[in-house]
Amino acid sequence: MVKTPKFANDKVFAWVDKWNKVCTPDKIVVVKGTKKEHLAICEMMVKNGQFIKLNQKKRPECYLARSHESDVARVEGRTFICSKKEIDAGPTNHWMDPEVMKKLMLKSYKGCMKGRTMYVIPFAMGPIGNPITQYGIEITDSPYVVVNMNIMTRTGDAVMKHLGKDGDFIPCIHSVGAPLKKGQKDVAWPCAKKIEDKFITQFPEERQIWSFGSGYGGNALLGKKCFALRIASKLAKDEGWMAEHMLILTLTSPERKQYHVTAAFPSACGKTNLAMMLPKLPGWKLQTIGDDIAWLKPGDDGRLYAINPENGFFGVAPGTSMDSNPNALKSCKKGTIFTNVVLTPDGDIWWEDMGVKAPKEGIDWKGNPCYVCADDPYRMGPKPGMTKAEIKASGYVAAHKNSRFTAPAENCPVLDKSGFNGLWKGKPTGVPIDAILFGGRRPSTIPLVNEAKSWTHGVFMGSAAGSEVTAAVISDQIGQVRRDPMAMLPFFGYNVADYFQHWLEMERTSADATKLPKIYFVNWFRKGDDGRFMWPGFGDNSRVLKWICQRIEGQVKANVTPIGNLPLERDIDLSNNEGKFKVVPEDLRAILKVDKEGWKKEIATVGASYDEYDAKASKDTTVRSKTAKRVPKALRQILADVSAALAK
Ligand code: OXD
Ligand code: MN
């Protein structure tokens, strides 16, 4: 066994020593977080065939990785919340008794780092020293994880220094689950190949994260979903704040008034696009603070103040183009790691819907050759000369649908540096939030924008969120609408109904509830009967943001309906309605109407989801009843009120 290095902080030593004994790595490296070290790890991975160095003139300090085919997205079916009581994990989470799970996983961890290096990554979720920031130590045997964590979080010596002798942190352990025998050559993407050998486990009471068998994204970069959402949501509930799956943006009006907006949309529903959007409305400026996660704390003045705990963007590549999100593409120009995209002959990258013509040939995400399509220069197929129809029929994509870029936030041309650093008016409070948006991909029924009539109504709206399932998760339900309350379905660290109650408590415990953000539900994805989108989305979404700001200021009236307050058509500013995609006034009219029949069905399915959150409370009747009735009465009441109003 190698010797555990010394650490000034005894708790860090104990965590590393414990796992050194269990995992028996060949070597231990404590990550310093310097650029030199980061690049040296990248170069080592190039040498080992785990990274491809991209054309350094076109993409300085950029690399490409290709994952194993079994390891391409989050594995929700293998994600567990191991609270002591099953009821505390709730009906939406997989649960196992913590002691049983630990025994099981310890078997897997035994000797799992043989032949590998154990990296110890000290990391911060948020700007180091900010009062909202939290810290973690991730132990991993994956150099891919180290370099991605370097981009996605603040890592290294500065964190260790901040922890000092007795600073607290969330202990995280990760292994790809692929020990090497003496002399055995490593593969390009080591992982446990069988899905049942992968575990992504949170212990919310002990505040620990144990991950095994996967090297991909949220399964392995433990600061992101496991810590900043699952564990942090539990911390937040216990301590009276909020950890949410939300982007944060700063909007400046032509009158130079600043607004801060957060938005919770399910995975791959355009959070990154909205967070970096170029407003089409003249005079409006948008800046990015975060694209995926927000931590919000109530201030003494009643407002909610937010930071982005992350340091980079782990964005979905396909669909990111100079049209849809030029600022994301610019963020990928240097220091970026690409995973599962196409390699072009000149050492650059390509993906579907990048808005860039495909190269004549390239190497697809599986490492096989791919070729430009015969009748569409923007597509690639697995054989030369294939037509668009043939490629579509075969279901082939050259870049995986959940292929990603890991890009440093500092590259983003529209980064709000002050807000990103957790500052507001020079103080480390986070930024005050004016509006919270919920949304999802909803082809029918849900209007373009709908304002909640109260905080409780807003919580109801969030609880009722739903979306078509996307490729961000390995699932057989892709394309179907699933309920995704607050876009947190895969990320609740505790019982979903208790989480609703926590949202309601934020109003009850607020120093001044009138200062809480206004809540809206938006839907950029309405489709006509012919399947065409009825709203252009992207930069045109600034029209909706302007309306929201005007509502905050009390400058415009609204159409008060049973489902919420909708804009009057005349109040959606259509100036600069030019370009490839335009707002069609008849479509706008249609998506600002209440579809009564559609809403009756919607309300019925929301009610059914509440019933599930209540009734499926337990298989274990010794710890909870089958009808736990945990969904707050206040939300049931709104459901009943909306239903009655629609029936009139
Ligand atoms: C993500 C996700 O990667 O939500 O952000 O899946
Ligand atoms: Mn996300």
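Here are some notes:
- Every residue from the range 309-327 that is away from ligand 1 (no atom under 13 Å from the Cβ) and outside any loop (DSSP other than H, G, I, E, B): Pro326, Asn327
- Hits in the range 93-123 - residues which are of a type in the set (Val, Ile, Thr) and crowded, with 22+ Cβ neighbours inside 10 Å: Val120, Ile121
- Any hit, the range 288-299, residues being more than 15 Å from ligand 2 (Cβ to nearest atom), closer than 24 Å to Gly458 by Cα and not in a strand (DSSP E or B): yes
- Applying the condition of being in a strand (DSSP E or B) and within 16 Å of ligand 2 (Cβ to nearest atom) to the range 45-103 and asking which residue is nearest to Glu612 (Cα to Cα) yields Thr79.
- Unique residue being assigned to a loop (DSSP other than H, G, I, E, B) and within 16 Å of ligand 1 (Cβ to nearest atom) when the list is Cys226, Cys269: Cys269
- Each residue in the range 125-181 was checked for being among the small types (Gly, Ala, Ser), surrounded by fewer than 24 Cβ atoms within 10 Å (Cβ to Cβ) and under 13 Å from Pro309 (Cβ atoms), and 0 pass.
- Among the numbered conditions (1) closer than 23 Å to Asn325 by Cα; (2) at pLDDT 95 or above; (3) touching a Gly at 6+ places or on another chain (Cβ under 9 Å), the only one that Gly579 does not meet is (2).
- Pairs meeting the criteria (first residue in the range 533-562 and more than 30 Å from Ser321 (Cα to Cα), second residue of a type in the set (A, V, I, L, M) and assigned to a helix (DSSP H, G or I), beta carbons under 6 Å, at least 6 apart or on different chains) are Pro562/Val642; Pro562/Ala645; Pro562/Leu646.
- Number of positions in the range 325-345 that are more than 21 Å from Met45 (Cβ to Cβ) and surrounded by fewer than 20 Cβ atoms within 10 Å (Cβ to Cβ): 3
- Residue match in the range 406-421 (condition: touching a Phe, Trp or Tyr at 6+ places or on another chain (Cβ under 9 Å), among the acidic types (Asp, Glu) and surrounded by fewer than 19 Cβ atoms within 10 Å (Cβ to Cβ)): yes
- Cβ pairs under 8 Å, 6+ apart, first in the range 308-328 and closer than 20 Å to Leu423 by Cα, second away from ligand 2 (no atom under 16 Å from the Cβ) and of a type in the set (D, E, K, R): Asn311/Arg154
The values are calculated or read from the model by the stated rules, or taken from the named source; none is laboratory data. None of these values were measured; they are calculated from a predicted model. No Cβ is skipped: glycine too gets one built from the backbone with ideal geometry, and neighbour counts run over all protein chains shown.
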